[in-house]
Every structure is written in C-alpha cells, then in structure tokens.
Amino acid sequence: MTHINFFINFASMKRAVIWFLYALALAVQARAQDEGRLSPFGDVDYRVEMQGSFSDGNTPLWLNANRYGLSSLESTNGYVRAAVERKSDHERRWDVGYALDLVAPVNYTSKMVVQQAYGEVRWLKGALTVGSKEWPMELKTAELSSGSQTLGVNARPVPQVRLALTDYWTLPFANGWLHVKGHVAYGMMTDDEWQHDFTKRQSKYADNVKYHSKAGYLKIGNEEVFCPWSLVLGLEMATQFGGTAHVLDTEGNMVEKTGQSGLKGLWRAFLPGGADTGEDTYQNVAGNQLGSWLLRVDYDGDDFGVGVYVDKFFEDHSSMFMMDYDGYGEGSEWQQKKHRRVLLYSPKDMMLGAEMAFKQGRWIDRLVVEYLYSKYQSGSIYHDHTSGVGDHIGGKDNYYDHYIYPGWQHWGQVIGNPLYLSPLYNQGAGSEGQGAIEIGNSRFVALHAGITGEPFPRLRYRLLGTWQEGLGTYERPWLKKHHNVSVMGEMAYRFDEGWLRGLSLKGAVGMDAGGIMGHNYGFQLTITKTGKI
C-alpha cells in the first residue's frame, strides 16, 4: 500500500481530524487573551527543494542514509519537493500545527511520496499528532551521528497517532532537578505494494502491518542553579504487529499468518506478551518487539560542551535484560520452574558515542565520534529447554529481522541505524538474498566520525567517515570478514539578503569502498528555497 492509497483509505478520518483541529483552533483563539491572539492560519513556512544524485554504482551510503527515507540507491535519481508547514509553538499555552509535504521523485521506490501530512494540537508541553511527520532522533546530533539504533531517521515516516510530552516537564518535587518527556504512538506501515514488487511474492512479506512505538526519558540536572552537568536516562521501544504475514513453510509453500489486532493486539504491543500465530509450547511475545536503553551525560561550559552517550539495542528479553531464566526441572517437570538460576549474557553489543561542541569555533564547531558493536547478539546458540535438555539459551537474536514480519524496515530502508545493511541492497542480480526483505549485515563493528564548521559567514561544511567490519548474519554468515569505508564531504551556502533570502545551495560528494556496500562514487546537488507565506 502506497502513501497515496493509505491516505485515500483513511480520507474520512483525515477530514474529521481537520474539522476537529479547525474547531479547536477557534476555541484556542477565544482563550488566548493572556498570550496574544493566536492565528492558526498564520506563521506558515514554505519549502521548495530540488535534488539530483549521480553515481557510479549505487548512491554512496552518506548521500542516501538518515534522510527520512527520501533517497534512492539508483545511480541517477532526484526529486522535486514542495511543502507548507506551521509548527506548533511550545511557548504558547495552546497552539496548533500542520504540514503537507509532497515529493515527485525520479528513480525512487514509488512515483509519488507524501513525505509529511499531519495535524497537531499542543497544550502546555503535551501534543497530539495525527499523520506522517519527520520525528528527530533523541540524544544524538542527526547531522553527524551514524543514527539511533531503534527510533532513527533513516526510513520514511510512518503515519500514526502520537501522544507526547515533546519538551521536558519539570517534576513538582526534587527542587527542579528531575525532568521527563516521552511519547506513545500507534500507526500503520505503508509499503505493502513495494514489498509485493520487491519480493515478487516469492519470499516473506506482510500486508497491513501495524506500528507501535513508545519512549521515556528522565533528565537529571538543574539549569536554574547554573549546574553545567546533566544526565539523561532513556528507554525506546517499538513493535510491528497485526496484519497478515506471508511466509514460506518447510516445503516451500507460501502460507498466511494473521497477527493479533483489535484492543488485545494494541495492548500486547504496548505491554509485550502473548504469542505469534503458530506458537504453542514455546511462546515469546506477539509481534516484532525491539528497543534501546539510552544514557547520555553532558557538560555544558561557557566555551565548549562535551557529551558522552550509550545506545544499547535489544531484540528480545535476552538482550533487553541480559539474562534468561534457566532453572527448569527434568522429566515430567521440564516445563516447571524449579531452581533459582539465570543465564547471564554479555552487554558488549552497543553504540558508544562522544560529542564536542566548540561554541566559539569556526573551522570546527562540532565533532562526533562513535563506536558500534553488534556481533554478539546473545551468542550463536538458540536452544529452548526440552524434557531431555533443560538448558534455555536465548541467542541468535538476529537484529532488525523477524521470522514472520519483514523486520525493522520501511520501504526497504532500516528504521534504525543504516550501518545495518538495508533490504534495498538485496536488489539486482548477484546480490546476496536477492529479492528478500532481510538485513544483509547485522553483525559488525564500526567506527564513525563526523565534523561540521562554518569557516566563513553562511558557508557551512560537513564531513562524515565510517569504517566497518561485518560478518553477515547468524542465519546467512559470510565465509570471511567483509570490510567497508564510507566517506562524504558536503558544502552548503545560504543567502540571507535581498530576493535570494532563504535560498541555499548544497553540494556533496560521497564514496563507498569495500565488500559490504560495494564500490560506489557519487555527487549530489540540492537547491532549497524557504520562507514565510
């Protein structure tokens, strides 16, 4: 199902939401006497953009990754984009926001893209958003980071209903030292037709898959007492559930598996539990459940700032809590918990990052360095306890993949960190896993760095470089280690005066070299005009 079909199917719901927002906006105007008159149809931004990419081979990694799915691997591709958006103002007690962002692409996975189409109501620090919106990463700098491992910015937005505390709310106790924010969202994936075309219905795919995400962040710090230190603890979780999956059985026949929907399906996605279709003796949880533990420590000084962060990805209980219960009985008691015994797993799968901001810097104003490790995945063995062997070992987590659902991807791009090799790389003759919606390389170690600066007024540059060593996956291992280097250099100039105000020109060159993404070289030009309507 394309974005267009999705919004046609839900046209009645959208009309109801628009009328609801309009009525609420009128009510907000009546109540906004103490904060200035609110104009829900004022302060609207526009954006017109054209981009062209030209490559020898695929589009290099950093010319296509972390762009909310607005990218293509085709050697020649581009788009024309037009958007209008009114962002809700968090300084107001009440406000509304909305956007319509349309893209006409060339050599993309679809002929028309509704990149954003949403309506939003904000009250104090809370917001209710309905539709497709580009949500930024938390606790990382999107311009320089390789990307979050769970809720990243690499794939197209998922249409959803999202209730959130978008800004930190200071708890009314602890003397201003504790702050929280987070969200809960439900939506639907929109790439059904792409899956049909990509797999030719000869390998696993799924229709009408539902989406759920939730996140919470606790910040410890107090700017009111001029404390330069702060600590943020976070948990991000996501689920693909419901819908109808089409998978191959042991004899190579395509069979259907219907996921749990309705209120019970919504609840099982929110609070993991239940089982997938066909699971009986050995039950995990319903749907494709995954997430990340997050931590960030910041020092914000007068001249510079330093941040250190951790993103610990997990695919199931064994990697979420780094332990499994392993005390089952024997014989007729093999299903009973008889002993106080657990199996501990290593915590070494994670992203470690460091960021420095130079507040007076020109040639370098921000620097990010990241280390990623995902080779372990709770070990190479998965063994459910049996009447003969009581040991329960929950390894082979197979990050981003799932044995029923197409995995943590949307329109062929992984939703998390793009160093996990997206299914789009499985297209073309000779590619490993050709035509299969699966991750080509999920077991790897990588080093990544990014630098930005503005050496001259209105002229900004960005440099990204990544080295990666991959082993493939546990299900499809490579016979030897593969290596890859991806680099990108970008220069952007913005005009701030006269009739050119709001115009920016951006040129970038990129390269991949190695056995993971192949040898690719490319150039990209982007022209953008922004302003107020």
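The table that follows gives values for the structure above.
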quantity	calculated
Any chance THR466 is more than 28 Å from GLY243 (Cα to Cα) and open to solvent by less than 30 Å² (accessible area, probe 1.4 Å)	yes
The range 424-439, subset open to solvent by 20 Å² or more (accessible area, probe 1.4 Å) and under 26 Å from GLY465 (Cα atoms), residue modelled with the lowest pLDDT	SER431
Any chance GLY407 is crowded, with 20+ Cβ neighbours inside 10 Å, of a type in the set (Gly, Ala, Ser) and under 30 Å from LYS200 (Cβ atoms)	yes
Residue within the range 363-384 that is open to solvent by 30 Å² or more (accessible area, probe 1.4 Å), out of contact with any strand residue (DSSP E or B) (no Cβ under 9 Å at 6 or more places or on another chain) and assigned to a loop (DSSP other than H, G, I, E, B) present	yes
Pairs with Cβ under 8 Å, 6+ apart, first in the range 521-533 and at negative phi and of a type in the set (A, V, I, L, M), second in a strand (DSSP E or B) and open to solvent by 50 Å² or more (accessible area, probe 1.4 Å)	LEU525/LEU505; LEU525/LYS506; ILE527/MET50; ILE527/LEU505; ILE527/LYS506; ILE533/TYR46; ILE533/VAL84
Flag for GLU279 being among the acidic types (Asp, Glu), modelled with pLDDT of 90 or more and either more than 23 Å from the chain's Cα centre (by Cα) or over 20 Å from HIS183 (Cβ atoms) (or both)	no
Hits in the range 321-362 (condition: among the acidic types (Asp, Glu) and part of a strand (DSSP E or B))	ASP324, GLU355
Every residue from the range 481-499 that is closer than 22 Å to GLN413 by Cα and either polar (S, T, N, Q) or open to solvent by 50 Å² or more (accessible area, probe 1.4 Å) (or both)	HIS483, ASN484, VAL485, SER486, VAL487
Odd one out for THR530 among (1) within 25 Å of TRP411 (Cβ to Cβ); (2) polar (S, T, N, Q); (3) open to solvent by 50 Å² or more (accessible area, probe 1.4 Å)	(1)
Contacts under 6 angstrom Cβ, first residue in the range 224-239 being farther than 30 Å from PRO406 by Cβ and open to solvent by less than 40 Å² (accessible area, probe 1.4 Å), partner in a strand (DSSP E or B) and modelled with pLDDT of 95 or more, 6 or more apart	SER230/ASP298; VAL232/TYR217; VAL232/LYS219; VAL232/ARG296
LEU421 closer than 21 Å to LEU447 by Cα and open to solvent by 30 Å² or more (accessible area, probe 1.4 Å)	no
Qualifying residue in the range 181-197 (condition: in contact with a Ser or Thr (Cβ under 9 Å, 6 or more places away or on another chain), farther than 30 Å from MET112 by Cα, surrounded by fewer than 20 Cβ atoms within 10 Å (Cβ to Cβ) and of a type outside the set (Phe, Trp, Tyr))	no
Given (1) modelled with pLDDT under 95; (2) in contact with a Gly (Cβ under 6 Å, 6 or more places away or on another chain); (3) not β-branched (Val, Ile, Thr), index of the condition LEU479 fails	(2)
Some residue of the range 299-309 being closer than 29 Å to PHE241 by Cβ and either hydrophobic (A, V, I, L, M, F, W, C) or open to solvent by 70 Å² or more (accessible area, probe 1.4 Å) (or both)	no
Residue ID - most open to solvent (accessible area, probe 1.4 Å), chosen from residues in the range 500-519 that are in contact with a Leu (Cβ under 8 Å, 6 or more places away or on another chain) and not aliphatic (A, V, I, L, M)	LYS506
Condition met for GLU438 (of a type in the set (Asp, Glu), at negative phi and part of a loop (DSSP other than H, G, I, E, B))	yes
Test: residue in the range 243-257 that is open to solvent by less than 40 Å² (accessible area, probe 1.4 Å), on the phi > 0 side of the Ramachandran plot and either touching a Phe, Trp or Tyr at 6+ places or on another chain (Cβ under 9 Å) or in a helix (DSSP H, G or I) (or both)	yes
One residue from GLY152, GLY131 being part of a strand (DSSP E or B), modelled with pLDDT of 95 or more and surrounded by 23 or more Cβ atoms within 10 Å (Cβ to Cβ)	GLY131
Every residue from the range 81-114 that is in contact with a helix residue (DSSP H, G or I) (Cβ under 8 Å, 6 or more places away or on another chain) and open to solvent by less than 20 Å² (accessible area, probe 1.4 Å)	ASP95, VAL96, SER110, VAL113, VAL114
Some residue of the range 393-401 being surrounded by fewer than 21 Cβ atoms within 10 Å (Cβ to Cβ) and of a type outside the set (Gly, Ala, Ser)	yes
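Each row is one residue, and each column tells you yes or no for (1) assigned to a loop (DSSP other than H, G, I, E, B); (2) at pLDDT below 95; (3) among the hydroxyl-bearing types (Ser, Thr, Tyr); (4) within 27 Å of ARG162 (Cα to Cα).
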| residue | (1), (2), (3), (4) |
| --- | --- |
| ILE18 | no, yes, no, yes |
| LEU26 | no, yes, no, yes |
| GLN29 | no, yes, no, yes |
| ASP34 | no, yes, no, no |
| TYR46 | no, no, yes, yes |
| MET50 | no, no, no, no |
| PHE54 | no, no, no, no |
| TRP62 | no, no, no, no |
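The values are calculated or read from the model by the stated rules, or taken from the named source; none is laboratory data. None of the values given here were measured: they were computed from a predicted structure. Cβ atoms come from the backbone with ideal geometry, glycine included; neighbour counts cover every protein chain shown. Note: areas computed on protein heavy atoms with side chains; ligands, DNA, RNA excluded. Shrake-Rupley method; radii C 1.70, N 1.55, O 1.52, S 1.80 Å.
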